[in-house]
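Read-outs: derived from the displayed coordinates by stated rules, not from any lab. Fair warning: this is a prediction, and the values are worked out from it, not measured in the lab. Cβ coordinates were reconstructed from backbone atoms using ideal geometry, including for glycine residues, and neighbour counts include every protein chain displayed.
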């Protein structure tokens with residue numbers, strides 16, 4: 001797997017921080033729950049919420065979209 005961040009999408013510090021976290025949560029959801037058909041499933045949202053709580057930082061938001069304007 002690889003992660004490429006487009007400069008036209010990563011136009012703020014918030015997106016720079018949230019986009020990789022979002023992608024890692026998607027990958028974790030795939031590896032842990034083998035979720036292939038709906039990557040933004042209930043398990044993704046629960047995993048992301050647990051990660052946000054563990055990080056105790058609101059800057060990392062578990063959005064169900066990439067917040068991109070392509």
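Obtain the nm distance between the two label points defined at residue 39 and residue 4 by a simple spin-label model: each point lies 7 Å from its Cα along the Cα-to-C-beta direction.
Distance between the two pseudo-spin positions: 1.4 nm.
Given R₀ = 25 Å, FRET efficiency for residue 12-residue 50 by Cβ-Cβ distance, to 0.05?
0.50
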